[in-house]
1. Tell me, which residue of the stretch 136-148 that is within 18 Å of residue 113 (Cα to Cα) and buried (at least 19 other Cβ atoms within 10 Å of the Cβ) is farthest from the chain's Cα centre (by Cα)?
2. Taking the residues in the stretch 245-290 that are buried (at least 16 other Cβ atoms within 10 Å of the Cβ) and at pLDDT below 95 as candidates, determine which candidate is farthest from residue 90 (Cα to Cα).
3. For residue 112, work out the one condition from (1) more than 30 Å from residue 233 (Cβ to Cβ); (2) in contact (Cβ under 8 Å) with a residue 24 or more places away in the chain it doesn't fulfil.
4. Looking at (1) part of a helix (DSSP H, G or I); (2) in contact (Cβ under 8 Å) with a residue 24 or more places away in the chain, find the lone condition where residue 168 falls short.
5. Which of the residues that make up the stretch 248-266 are assigned to a helix (DSSP H, G or I) and under 17 Å from residue 226 (Cβ atoms)?
6. So which residues in the stretch 238-247 are assigned to a strand (DSSP E or B) and out of contact with any helix residue (DSSP H, G or I) (no Cβ under 9 Å at 6 or more places or on another chain), if there are any at all?
C-alpha cells in the first residue's frame, strides 16, 4: 500500500492544488492511505474524507500545528518553532475549532505587521509602499491559512523579486513577526482532548521547522525529546521527503524504544508534486483505525 500522511492543500493551507485535485492525483498515483494535514486549519477535512471515500482511498483526519518549544541547554533557552501533526481527532471538537479560529485571526494580524516591516524596507529602497488593498489581494490569494509564502508569491507577481526564495532572502526573513504562541503542552492537550494522536513532524528536517534549530546531533535531539517532550507525544514522523537514511533509522529505533507510533509522508505542497513518493512501510497503516 502507498501511504502518505503529510500533504498540504491550496484550499485550506499553502499547497498548490485544491483538495479535489489532491484526491484526484492521489488516486492516479494509487495512494491507498492518506491524510491532508493543513497548517492550523481543519476546514477541509470533511470534504477530503468524502472525496477520498468516493475515490476508494482510505483517509485519516489530519492537521499540522505550529508550536513553540524551548530547552534551557540549547539555543540559549530561547523558544524555537516545531510542528506537531494531529491525526484522527474529532473535527467538530469545540475547543479545537475555537483555537484554530483564533490562530486564523492572528495570521491576518501577523501578515499586516509583516507588510508594515516590508514597507519600511521599501522606503529605504525608494520603492512604492504596499497598501491595504495589497493586503486584501494577498488574503484573497490565500484560499486557506495565510502565511509568508503567500506574501512571497505576491511580491513575485508584482515583479519586486524574481522568485519566492529571493522574497524570503531579501525581505521575509528580516521582516518576520512571531507566529501564534501555541506551546507544545497546549497543542498536545488540545489534540488529545479532541480524541487525536500527537506526532512530532520532521524532527530533523534540514530545511524546515525542526529540532535542528537546537542541535544537529540526532542523539542530542532524542535526548531533548526524552527529557522534555515525550509526555506530550504519541508518535514521531520517521519517514519524510527530506530525511536521509540515518535520520529515518535513528527515529525508527527511538520510536521502538519508547513504544511510539511511527508515521511518514511527503510533506507535499505540490511544488513539485511528490505525494506518494516517500516509501512508508505497510505496518504504519495498522497503527490507525480506518
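The values are calculated or read from the model by the stated rules, or taken from the named source; none is laboratory data. As the structure is a computational prediction, the values presented were derived from the model and not from experiment. Virtual Cβ from ideal backbone geometry, glycine too; neighbours counted across all protein chains shown.
1. The extreme case among them is 138.
2. 270
3. Residue 112 satisfies all of (1) more than 30 Å from residue 233 (Cβ to Cβ); (2) in contact (Cβ under 8 Å) with a residue 24 or more places away in the chain except (2).
4. Unmet for residue 168, out of (1) part of a helix (DSSP H, G or I); (2) in contact (Cβ under 8 Å) with a residue 24 or more places away in the chain: (2).
5. If we filter the stretch 248-266 for residues that are assigned to a helix (DSSP H, G or I), which is where we start, we get 248-258.
Across the stretch 248-266, the qualifying residues are 250, 251, 252, 253, 254, 255, 256, 257, 258.
6. Start the filter on the stretch 238-247 by keeping residues that are assigned to a strand (DSSP E or B), which leaves 238-240.
Once the filter is applied, which keeps residues that are assigned to a strand (DSSP E or B) and out of contact with any helix residue (DSSP H, G or I) (no Cβ under 9 Å at 6 or more places or on another chain), the stretch 238-247 yields nothing.
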